[in-house]
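Peer 1: Below is one structure. I have some questions about it.
The values are calculated or read from the model by the stated rules, or taken from the named source; none is laboratory data. All values derive from a computational prediction rather than experimental measurement. Methodologically, a virtual Cβ is constructed for each residue, glycine included, from the backbone with ideal geometry; neighbour enumeration extends over all protein chains shown. The accessibility values were calculated without ligands, DNA or RNA, using every heavy atom of the protein model including side chains. Shrake-Rupley method; radii C 1.70, N 1.55, O 1.52, S 1.80 Å.
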Amino acid sequence: MSVELSIIVIGLLSFILSGVRVDMAIGVYNVIDYGAAGDGKTDNTKAFEAAWSAACTVEARTTIVIPEGAYLLGPTIFKGPCKGIMVMEVKGQLLASTHLEAYKENWLDFQYINGLAISGGGRFNGQGASAWPYNQCKKILNCKPLPKTLVFSFVTNATISSISFIDSKFFHIHIFQSRNITFDSIRISAPGDSPNTDGIHIADSTNIQVANSVIGTGDDCISIGSGCTNLTIFNVLCGPGHGFSVGSLGKNAGEKDVIGLKVMKCNLTGTTNGLRIKTWQSSASRLKATDFLFEHVIMNNVYNPIIIDQNYCPNANCPGKDPSLVKITDIKYRNITGTFASLVAYKLLCSVAAPCEGVELSDISLEYSGKDNQAKNATSICVNVYGSSNGNVKPDPCI
């Protein structure tokens, strides 16, 4: 090694070992360098926005680092398009502001991004207990929703993994007009009586996968709205909550079809519903829900394990009583086992105006877990439904 090169190497090593930080390793943006403080008290909104803005302009894969600590944040929009792949490494805990007047709609919004990864083992804490008493959605049909924790709008090619979410004020995660997003190894938790704290709500999106995750909330573990295609839910533990729900569909004019859903190797414990499809009576839209497969699902003391409800009305103020116009077809329930707490194992209540067709019950074994002297009364109910039952189906099917 030449003398000149030796001097350069020794100088560089001395600079690094001296404790002076090279402004963020190339492509790495630590929120601390933009003024963030993980003390749980300082408002870090501007620091996070500044780190995002700097990283978003780089034509390369960039990483925003949120180190250990508690970072208080007000409503923040992480907006693209960005010039490179955006990575957010969350090691600390993000705390949502408890001042409701600060929110226009959501807490954290990711918008117009192609290429996004969020991971790191950290936590998003919605601090929802302070807001839940102000939720009026059970009383008012068109209520003003409280802030959602994490929203993806017009996001493509994203992975969210090894992250936890607790106590959202409303939905924990909302996906809208997005495609090719995978959620893997995430945990979502809120009390069983917390209102409208759905784990993940998906609407108008394509190729969304949720896998290897644990979700327990006060509402649906995963809910699916209109306009969705090719969704997969795999190896998800659900409970407490309202189970996995498609819908409610048909409430608003212009809703689009839901096509292609797979729910496989999932486990539900103590939920009010298991596998549910719900559509509004007097629906404002004529659409279809088709090509669903529910397979290898275990129910543990689930109240309503399999339910189609086309007379859905969550309160007494629903308009009219006309039958639903949502057409449900090609729905397969296969290898569903476990226990249920109501006296009705399968409740398939379809519309007289658009009867369900192609409903299949195959190899289902559900045991009543309520009072011993009522087990003989366990039954199933089918209305305006056409399909088939195959293999061993217990309790006896009604199709």
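Peer 1: When DSSP assigns beta bridges and you keep just the ones with both residues in region 28-394, what percent turn out antiparallel, to the nearest 5? Please list the in-between numbers first.
Peer 2: Values: 0 of 139 bridges.
About 0 percent, rounded to the nearest 5.
Peer 1: Another question, if that's okay. In Å³ and rounded to a whole number, note down the convex hull volume per residue for the Cα atoms of region 157-276.
Peer 2: It is 89 Å³ per residue.
Peer 1: For helix 3-17, report the angle its Cα long axis makes with the longest principal axis of the Cα atoms of the chain; keep it between 0 and 90° and round to the nearest 10°.
Peer 2: 50
Peer 1: Counting helices only, and only those DSSP H runs with n ≥ 4, report the 222 nm mean residue ellipticity of the chain as the sum of -39,500 (n - 2.57) divided by its residues, in deg cm²/dmol to the nearest 500.
Peer 2: -2000 deg cm²/dmol
Peer 1: Using the heavy atoms of the protein chains and a 1.4 angstrom probe, tell me the accessible area per residue for the chain in square angstrom.
Peer 2: Solvent-accessible surface per residue comes out at 44 Å².
Peer 1: Apply the Kirkwood formula to region 270-358: the hydrodynamic radius equals the inverse of the mean of 1/r over all pairs of different alpha-carbon atoms; give it in Å with one decimal.
Peer 2: Working: mean 1/r = 0.0724 Å⁻¹.
After inverting the pairwise mean of 1/r, the radius is 13.8 Å.
Peer 1: Please report the net charge: other residues with Cβ closer than 15 Å to the Cβ of VAL344, K and R +1, D and E -1.
Peer 2: Here the charged neighbours net out to +2.
Peer 1: Quick one: net charge around SER389, please, counting Lys, Arg +1 and Asp, Glu -1 for every other residue with C-beta under 10 Å from its C-beta.
Peer 2: Values: positive: none; negative: GLU360, ASP363, ASP396.
Its environment carries a net charge of -3.
Peer 1: For region 28-394, which whole percent of the accessible surface, found with a 1.4 angstrom probe, sits on carbon and sulfur atoms?
Peer 2: 49
Peer 1: If you don't mind, there's one more thing I want to ask. Over all alpha-carbon pairs of the chain, lay out the pair-distance distribution in 20 Å bins, whole %, shortest bin first.
Peer 2: In whole percents, the pair-distance histogram is 26, 50, 19, 4, 1.
Peer 1: Something else about it: If R0 is 25 Å, what FRET efficiency do you get for LYS91 and ASN157 from their C-beta distance, rounded to 0.05? Walk me through the numbers on the way to the answer.
Peer 2: Details: r = 23 Å, r/R0 = 0.94.
Result of the calculation: an efficiency of 0.60.
Peer 1: Here's a follow-up. In a solvent-free Debye calculation with one equal scatterer on each Cα, what is log10 I(q)/I(0) for region 149-224 at q = 0.15, 0.17, 0.27 Å⁻¹, listed in the order of the q values?
Peer 2: Those come out to -0.43, -0.56, -1.30, one per q.
Peer 1: In degrees, nearest 10, range 0 to 90: what is the angle between the Cα axis of helix 45-56 and the longest Cα principal axis of the chain?
Peer 2: For helix 45-56, the angle is close to 80 degrees.
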